[in-house]
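The values are calculated or read from the model by the stated rules, or taken from the named source; none is laboratory data. From a predicted model like this one, the values you see are computed outputs, not experimental measurements. Quick reminder, even Gly has a Cβ in these numbers, built from the backbone with ideal geometry, and neighbours come from all protein chains shown.
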Amino acid sequence: MVERETVIDKLRLTYEGLFVATDLYQMIDNWFRQKAYDKRENKNIEKVTPDGKYIEIELEPWKKITDYARIVIKIRLIMNDVKEIEMEKDGLKVRMNQGKVHVVMDSYLETDYENRWEGSPVFYFIRVIFDKFIFKPLTGGWKSEVVHDTNHLYGQIRSFLNLYKFSTETFTAPRPQYNAP
């Protein structure tokens, strides 16, 4: 049976304003590729509501540390009231999204994820002894790697969203054109 220890529980980030949803997803995807994570997308929902789109994406990428342990970072991206708007910058029209973004991250350290030590009660007992006494220093190092990766990704997402917050000051919204009846 997989032993899943929660290292970081419900690390949250909330943002409201202008962003590009595809660029946000692509940035997260590239980060996982660069850090050698394998990705699994558990949920991808998009609903059109009167207030705008509702988008929910749940990712659960993992990184194999050894044959015995791996890192799992679970991310939920929830975007509410997402509307596509057109902005003008330096005479060029740029399509962006406006809405609310909620990011919730959980991080886990999974041990014995291949169920190799579950064959018999003797192996299970040996695994418990190894976990408590022999693998204890290794587990501490693995947990610090989980915390480091999660905080780095959190910082990247926060910086990405703040980039839009400060770069939109130079945007000017196009004036609405009214057609005479």
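Brief remarks follow.
- Pairs with Cβ under 8 Å, 6+ apart, first in the range 144-163 and within 15 Å of residue 34 (Cα to Cα), second of a type outside the set (A, V, I, L, M): 149/35; 149/63; 149/107; 150/107; 153/31; 156/31
- In the range 56-75, the residue that is farthest from the chain's Cα centre (by Cα) out of those that are in a strand (DSSP E or B) and over 17 Å from residue 105 (Cβ atoms) is 69.
- Within the range 109-122, the presence of at least one residue that is without any contact (Cβ under 8 Å) to a residue 60 or more places away in the chain and assigned to a helix (DSSP H, G or I) is confirmed.
- Residue tally, condition assigned to a loop (DSSP other than H, G, I, E, B) and more than 23 Å from residue 83 (Cα to Cα), over the range 1-44: 7
- Check on residue 90, surrounded by fewer than 15 Cβ atoms within 10 Å (Cβ to Cβ) and in contact (Cβ under 8 Å) with a residue 24 or more places away in the chain: no
Residue by residue, here is whether (1) in contact with a helix residue (DSSP H, G or I) (Cβ under 8 Å, 6 or more places away or on another chain); (2) of a type outside the set (Val, Ile, Thr); (3) in contact (Cβ under 8 Å) with a residue 24 or more places away in the chain holds:
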| position | (1), (2), (3) |
| --- | --- |
| 21 | no, yes, yes |
| 26 | no, yes, no |
| 30 | no, yes, no |
| 42 | no, yes, no |
| 45 | no, no, no |
| 59 | yes, yes, yes |
| 70 | no, yes, yes |
| 75 | yes, no, yes |
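- None of 130, 123, 135 is surrounded by 14 or more Cβ atoms within 10 Å (Cβ to Cβ), of a type in the set (Phe, Trp, Tyr), over 28 Å from residue 10 (Cα atoms) and at pLDDT below 75 except 130.
- Scanning the range 44-73 for residues that are under 22 Å from residue 154 (Cα atoms) and buried (at least 19 other Cβ atoms within 10 Å of the Cβ) yields 55, 57, 59, 61, 70, 71, 72, 73.
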